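S.K.: Encoded as structure tokens, here's the structure I'll be asking about.
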Amino acid sequence: MSFSRLLFASLIAFCLATFASGATRLPDDEVEALRDMAKTIGKTNWNFSADPCGGQWGWTDPNPVKGSENAVSCDCSFSNGTICHVISIVLKTQNLGGSLPPDLGRFPYLKEIDFSRNYLNGTIPAEWGAMPLVNISIIGNRLTGPIPKEIGNISTLAILDLSFNKLIGEIPSSFSGLRKADSIYLTGNQLNGTVPDWIFKDGESVDLSYNNFRNESSCLQRNVNLFGSASMGNVSGSTVPCLRSFQCPKQFYSLHINCGGKEATIEGNIYEDDTDPAGSSRFFQSRTNWGVSTTGHFMDDDRSSDSFTWTNATKLSANTSALYMDARLSPISLTYYGFCMGSGSYTVTLHFAEIMFTDDKTYSSLGRRFFDIYIQGKLVQKDFSIQEEAGGVGKAIIKNFTAIVTGNALEIRFYWAGKGTTGLPVRGVYGPLISAISVTPDFVPPSENSSSNGISAGTVVGIVAAVVVVIFLILGILWWKGCLGQKISMRHDESMSTDEKKIEQMRRHFQVIDEQEISETRTLSMEGPWTAASTSAGDLYPVSLDSDFLKGRE
């Protein structure tokens, strides 16, 4: 009897489960659309034996990791809760190697499509422009071709992120219909042409950095980040166009920044403050020779507002410098850029300390952060983890790299590739984090008194001295040849009056006579008589014995 009751109860439970599963069903045409999409994008682990809207395995991850979500979300409020429709498809970091599905119109209620950080190829389908989408995010794929003008027709669009692909061409004129969008990210493509005026006037948060646009007059205009937007070349070769109008006061051979913190003096070096609040598409230029660019928006952030700086939330280990009390962070890309740098080899010292997680047995200790480090456009460390390298949170770790500067510019870039946790200790804690930056030369730089073109003060003094010597030498040769004396004599004669000229002529006449007499007396025998000492000038000369002068005196 008890067995019969148990069997009956089991049948009732099975029927209830069957009814419940059949109560909220996705229409067959949307199921088929998902099958076709799976083939197009290369998705192989969707479980079509289960209801895509039932929250079962294959359609959603029970323990999602931010940045690697695998979820199809539905709205099951239709027809008194008996019909579901797909409203969101989020497939991040799933190693999808296909192409973008063109027929999203088969999902009439779809609001969000997010294929971030996969290996999707091909172009962006123009058919997407007919959908009432709110969020399009296909950051970090291998998409090519121009941006379809139809995308500009999506008036409901709030977030458009096409960053870090290989898109070409100009921004479509139809994009003026997106002026009310919250964020537009076109970072890291190969877009060219002229940036439309409406973006500067009405764009809320637009990031155009790292493209090939023409009108990059400044690095930041209103809420538009233009840093590097006119050049995708190696920044070590030249200064980015938006800074070329900046007149360098001198050549710099070092760089010290207290990232996210106030000015600090450490071991005799002054680390400049870096307290700008930044933003999702922001470039800040310091008072000296560096700037910082931040890109990205902290999605699903539990904090009241996005914060791009952070103050220590954990206990730092003993003897930890004040440099590690604060840090600069960014959700996607964080770039520090040094300009007016002298050419040569430098040591780039990066200071890190994980200050957003805790080192205890609480929920806050479970967070993990990974990001990539680029210097002068070259990847120098992939999947860098501060706490793993330092051996825990709240501990300092210093990384040294060599950078070659040949065109007055140095770029240090940190990039989040979608790995690690994003909801610990709260949602929105992820992305690159840096405490301080120090750049020092591997050579002896010129003295502070060096001229701007690199010629030292000693060299300048030597050149001036050589010029003076040459001038005196030329004057000496001219004087020796009598050129200067003759001119002086002529000028002297011209300035004399008539009486003065006569007196001067008489003086010269008697001078000639005296010189003749002196010449004659030098031929006399030294045994002849001499006149006695006298105050008369004539008595100072020897007199000939046959002279008529003596005969007259007898």
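Bear in mind these aren't lab numbers, they're just calculated from the coordinates by the rules spelled out. In this text the structure is predicted, and so the values were computed from the model without any measurement. Ideal geometry is used to build each Cβ from the backbone, glycine not excepted, and the neighbour counts take in all protein chains shown.
S.K.: What FRET efficiency, computed as 1/(1 + (r/R0)^6) with R0 = 22 Å and r the Cβ-Cβ distance, is obtained for A322 and E388, rounded to the nearest 0.05? Don't jump to the answer; show the numbers that get you there.
M.R.: Values: r = 24 Å, r/R0 = 1.09.
Once the sixth-power term is evaluated, E becomes 0.40.
S.K.: Still on this structure: Return the long-range amide H neighbours of L191 (sequence gap of 5 or more, or a different chain), with a cut-off of under 5 Å between placed amide H atoms.
M.R.: N212
S.K.: Considering only the other residues whose Cβ falls under 10 Å of the Cβ of C53, what net charge follows from Lys and Arg at +1 and Asp and Glu at -1? Mind dumping the intermediate values first?
M.R.: On the way: positive: R25; negative: E30, D51, D75.
So the environment of C53 carries a net charge of -2.
S.K.: So, one more: So if we plug the beta-carbon distance of R214 and Q381 into 1/(1 + (r/R0)^6) with R0 = 41 Å, what FRET efficiency do we get, rounded to 0.05?
M.R.: On the way: r = 34 Å, r/R0 = 0.84.
The pair R214/Q381 has a calculated efficiency of 0.75.
S.K.: Out of residues 5 or more away from R282 or on other chains, whose amide H comes under 5 Å of its own, with H placed 1.01 Å from N in the peptide plane?
M.R.: It is T294, by chain and number.
S.K.: Also: Would you calculate the separation in nanometres between label points at A465 and R142, each defined as 7 Å from the Cα along the Cα-to-beta-carbon direction?
M.R.: Output for this residue pair reads 6.5 nm.
S.K.: I would also like to ask the following. Filter K180/K378; K43/K149; K92/K166; K92/K201; K111/K149; K43/K166 down to the pairs with a C-alpha to C-alpha distance above 30 Å, please.
M.R.: Details: K180/K378 36 Å; K43/K149 28 Å; K92/K166 19 Å; K92/K201 33 Å; K111/K149 19 Å; K43/K166 23 Å.
Check vs 30 Å cut-off fails for K180/K378; K92/K201.
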